[in-house]
Amino acid sequence: GESVGLHLPTLSVQEGDNSIINCAYSNSASDYFIWYKQESGKGPQFIIDIRSNMDKRQGQRVTVLLNKTVKHLSLQIAATQPGDSAVYFCAENTYQGAQKLVFGQGTRLTINP
Amino acid sequence: SAVISQKPSRDICQRGTSLTIQCQVDSQVTMMFWYRQQPGQSLTLIATANQGSEATYESGFVIDKFPISRPNLTFSTLTVSNMSPEDSSIYLCSVEGWGRTDTQYFGPGTRLTVL
């Protein structure tokens, strides 16, 4: 069945370092992917998205990479800051007759001073 | 960007009671969604709510337990009925993106604890 999962549930990095959060998806029919950031006590916040006709998309300090061959998605955060500490979710839009987002399990990113 | 608000932000309820959660958007949207996020877990879609039609529920969620209203293009409610401790979760509403209908933007969530 369809599922979106993450390789690592937790990740700790030093402030200023780069971080990479990974995600595997299983629905090869999905053609749109989103990364969300959820801080404690808040709702998920849209970070960046990518369509399946792209391999890479860059935003401010964030880059999303998509490898359709192995159905893998990653989020790279450059020069991490304390405010980057949060849980990060990937989501795929499976378009089952209508828009439907399927979320991965999430990775908790902790930035160490 | 538009503002999405939810009421209440949190509540503690007794077993067997019901709670209605409100979601208000400051711009009109066609599609609104309700999610459940159990403690330490990811988000699971409960239902999709379009104005003027019955909500569409995902597998494992039924209308008797989670009735939804969508009276206009800026407002929706989710009721958690006959609650048990297993219903303790964060309940989130989301809306489709403005001009980006593939994307969803989320409200702040309602943290529900059932005793």
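The values are calculated or read from the model by the stated rules, or taken from the named source; none is laboratory data. On a predicted model such as this, the values are computed, not experimentally measured, just so you know. Quick reminder, even Gly has a Cβ in these numbers, built from the backbone with ideal geometry, and neighbours come from all protein chains shown. Surface areas here come from the heavy atoms of the whole protein model, side chains and all, with no ligands, DNA or RNA. Shrake-Rupley method; radii C 1.70, N 1.55, O 1.52, S 1.80 Å.
Key figures
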item	result
Neighbours by Cβ (under 8 Å, 6+ apart or cross-chain): first from the stretch B:59-82, touching a residue at least 24 places away in the same chain (Cβ under 8 Å); second open to solvent by 20 Å² or more (accessible area, probe 1.4 Å) and of a type in the set (Phe, Trp, Tyr)	B:PHE66/B:TYR57
Per-region count, the stretch B:80-94, residues farther than 19 Å from B:LEU43 by Cβ and either facing chain A (nearest Cβ under 10 Å) or open to solvent by less than 60 Å² (accessible area, probe 1.4 Å) (or both)	4
Qualifying positions in the stretch A:6-35 - among the β-branched types (Val, Ile, Thr) and more than 19 Å from B:GLN104 (Cα to Cα)	A:THR10, A:VAL13, A:ILE20, A:ILE21
Among the residues listed as B:SER76, B:SER5, the single one being surrounded by 16 or more Cβ atoms within 10 Å (Cβ to Cβ), in a strand (DSSP E or B) and at pLDDT 95 or above	B:SER76
Single residue of A:GLN76, A:GLN38 found to be within 20 Å of B:GLY97 (Cα to Cα), modelled with pLDDT of 95 or more and surrounded by 13 or more Cβ atoms within 10 Å (Cβ to Cβ)	A:GLN38
Members of the stretch A:43-66 found to be open to solvent by 70 Å² or more (accessible area, probe 1.4 Å) and either at pLDDT 95 or above or in a strand (DSSP E or B) (or both), listed by number	A:GLN45, A:ARG51, A:ASP55, A:LYS56, A:ARG57, A:GLN58, A:ARG61
Neighbours by Cβ (under 7 Å, 6+ apart or cross-chain): first from the stretch B:14-40, farther than 15 Å from B:THR110 by Cα and touching a residue at least 24 places away in the same chain (Cβ under 8 Å); second assigned to a strand (DSSP E or B) and open to solvent by 40 Å² or more (accessible area, probe 1.4 Å)	B:THR30/B:ASN50; B:MET31/B:ASN50
Subset of the stretch B:95-108 (residues that are in contact with a Gly (Cβ under 7 Å, 6 or more places away or on another chain) and either of a type in the set (Ser, Thr, Tyr) or more than 14 Å from chain A (Cβ to nearest Cβ) (or both))	B:THR103, B:TYR105
Per-region count, the stretch B:79-110, residues within 25 Å of B:SER27 (Cβ to Cβ) and either acidic (Asp, Glu) or not in a loop (DSSP other than H, G, I, E, B) (or both)	13
Residue satisfying all of: in the stretch A:11-27; within 15 Å of A:LEU75 (Cβ to Cβ) and open to solvent by 40 Å² or more (accessible area, probe 1.4 Å); nearest to the other protein chains (Cβ to nearest Cβ) among these	A:ASN22
Residues within the stretch A:28-74 that are in contact (Cβ under 8 Å) with a residue 40 or more places away in the chain, under 17 Å from B:TYR35 (Cβ atoms) and either more than 9 Å from chain B (Cβ to nearest Cβ) or among the small types (Gly, Ala, Ser) (or both), tallied	3
Per-region count, the stretch A:88-112, residues surrounded by fewer than 21 Cβ atoms within 10 Å (Cβ to Cβ), of a type in the set (A, V, I, L, M) and within 14 Å of another protein chain (Cβ to nearest Cβ)	1
